[in-house]
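What follows draws every value from the coordinates through simple rules; no lab data is involved. Fair warning: this is a prediction, and the values are worked out from it, not measured in the lab. We place every Cβ from the backbone using ideal geometry, glycine too, and count neighbours over all the protein chains shown.
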Amino acid sequence: MPSRIVPVSELFRNLLSDLAMDAPQPDATPSEKSRKSTWETVLTTTPVVLTVIGTVLAGLSSSEMTLAQYYRTLAAQSQSKAANQWNFFQVKRIRGTSLEVYLDLLPAPARMSVLDAPSLLTAANAHLRQLRRVRDAAGKLQLAVNGAQSELGGNGSPVNQAAARLVKLSDEQLQAAEKNHEQLGRRARTPEAEDAFALISSRQMPRAAVAPIEHAAIAEEVQAMSNGQDSGAPLTRLNSADIDTEIHRAEGNTRNVELALEAPDKVIDELGKLVRTQLALSAMIHQAAREAVALVEELPESETKLIGALRRSASDMQQRDVALIVAGEELKNLYKAADHGYTARRYRWEADFNRQTAQLYELQVRKQSQDAERHRERSRLFFFGLLFAQAGTAISTTALAARKQSMLWAIASLAGIAALGFSLFVYLAV
């Protein structure tokens with residue numbers, strides 16, 4: 001049969017009648033009213049209390065999940081910092097190894113020599129002396145070219161131009177080399193240079209304010225990492241603040257090491273720049289000498305005395321040029337052996353501090369990851385508590401609705417049961 005449409009006014013009257021039924025009856029005795037009031041208070045406040053508890057548990061669950069996400073983010077940041085420190089460690093180790101390989105390829109006398117001011121200046125003086133001899137040989141070559149102009153004919157002009165260019169370049173480069181050699185001598189005799197030479201010859205590193213790890217438990221974990229061990233045990237005995245303190249201390253050690261290396265690095269770089277400048281001056285002379293000698297060798301064969309003198313001058317020029325190259329190689333190898341040996345040791349020394357900092361960051365990552373997992377688990381358990389509170393609210397509301405036969409409590413019961421069912425559906429199925 002067709003259903004009857006209930007007017008809104010009738011629904012409103014039914015709602016008012018339900019509210020009226022909930023009011024206490026006036027004919028009840030005082031003792032009965034008291035007992036009824038106490039029981040009714042417990043009965044009616046139970047859903048409210050459970051609702052409050054559920055709200056608190058929902059807030060705690062959300063808060064714990066937020067903390068879990070926060071610690072996950074911190075762990076990702078710490079992992080990025082650890083990766084940076086490991087990159088520094090690997091790059092410095094690779095560079096140190098490359099320098100050691102290059103050092104092994106140098107001649108044994110250079111590797112076995114001790115770099116100090118006298119040895120460096122002796123090698124530089126020998127190179128400068130060869131530069132002067134090259135300049136003298138260039139002047140003799142030009143005189144021989146000028147003397148043989150009558151016999152050279154058309155071929156004499158290129159040779160004459162090459163010889164004149166060689167003489168001019170030799171004069172200019174020799175003057176520059178002498179000024180550079182004076183600067184090298186002054187810089188090599190300074191107290192800072194003497195300290196740098198002593199540091200290089202001792203094959204040690206300078207003293208720096210380096211603090212060890214003070215927290216015993218953290219030191220044990222870092223030592224285990226250095227030995228390739230990772231227990232994976234909970235780090236509840238460690239505090240993130242203590243790990244942060246050790247990380248700051250390790251980063252301070254790295255800065256102190258860099259500060260201790262600034263003075264010797266500066267001196268060695270300045271000396272290296274002066275040595276490279278002197279070698280570059282001789283390289284330009286070498287190119288001009290090769291060109292002049294090649295032009296003389298291309299002259300047609302002749303048995304005249306002047307052409308023979310010219311060829312002997314070119315041969316002497318070539319020999320002086322070779323001697324200049326040898327002297328330059330000895331100076332370069334002497335400096336390179338000391339510089340590369342010191343730099344390789346420095347890279348290995350710095351890399352050890354980068355490794356310790358990286359291990360501390362990794363320990364922080366483990367700690368923060370475990371904290372994130374702990375807060376996630378607490379959020380899950382608080383969620384279960386929320387479900388139990390919702391179940392209690394739904395059950396108590398249903399019981400109250402059955403006792404009161406009230407439409408409002410029935411609606412509240414249905415809402416609680418629906419919320420509980422939806423929560424279980426989301427947890428189990430989604």
Query raised in the report: Which aspartates and glutamates have a Cα less than 19 Å from the Cα of LYS168, not counting those fewer than 8 places away in the same chain?
Result: ASP136, GLU178, GLU291, ASP316, ASP321
Query raised in the report: Leaving out same-chain residues fewer than 8 places away, which aspartates and glutamates sit with a Cα under 14 Å from that of LYS305?
Result: GLU151
Query raised in the report: Given a Förster radius of 51 Å and the C-beta distance between LEU105 and SER63 as r, what FRET efficiency does 1/(1 + (r/R0)^6) yield to the nearest 0.05?
Result: 0.20
Requested in this report: Could you calculate the FRET efficiency of SER226 with VAL322 from 1/(1 + (r/R0)^6), where r is the beta carbon distance between them and R0 is 35 Å, rounded to 0.05?
Outcome: 0.10
Requested in this report: Would you mind computing, in nm to one decimal, how far apart the modelled labels at VAL49 and ASP269 are, each placed 7 Å from Cα along Cα→Cβ?
Outcome: 7.5
Query raised in the report: What pairs in LYS273/LYS332; LYS179/LYS273; LYS179/LYS336 have C-alpha atoms more than 20 Å from each other?
Result: LYS179/LYS336
Requested in this report: Run the dipole for region 302-403 about the Cα centre, Lys and Arg Cβ at +1, Asp and Glu Cβ at -1, nothing else charged, and hand back the magnitude in debye, nearest 20.
Outcome: 440
Report summary line: Sequence order, region 339-356: Karplus ³J(HN,Hα) from phi using 6.51 cos²θ - 1.76 cosθ + 1.60, θ = phi - 60°, Hz rounded, Gly and Pro as x, gives 5, 5, x, 5, 5, 5, 5, 5, 4, 5, 5, 5, 4, 4, 6, 5, 5, 5
Report task. Quick one: check the C-alpha center-to-center distance for region 330-403 versus region 137-186, whole angstrom. Result -> 70
Report summary line: Diffing region 95-110: the Karplus 3J(HN,Hα) column from phi (6.51, -1.76, 1.60, θ = phi - 60°), in whole Hz with x for Gly and Pro, holds 5, x, 5, 4, 5, 5, 5, 5, 5, 5, 7, 6, x, 4, x, 5
Requested in this report: Give me the number: length gained by fully extending ASP136 to GLU373, i.e. 0.36 nm times residue separation minus the C-alpha to C-alpha distance, one decimal in nm.
Outcome: 77.2 nm
Query raised in the report: Straight-line reach from LYS367: which aspartates and glutamates have a Cα under 16 Å away, not including same-chain ones fewer than 8 places off?
Result: GLU220, GLU221, ASP230, ASP242, ASP244, GLU246, GLU377
Query raised in the report: Using a Förster distance of 41 Å, how high is the FRET efficiency between PHE388 and THR73, based on the Cβ-Cβ distance and rounded to 0.05?
Result: 0.85
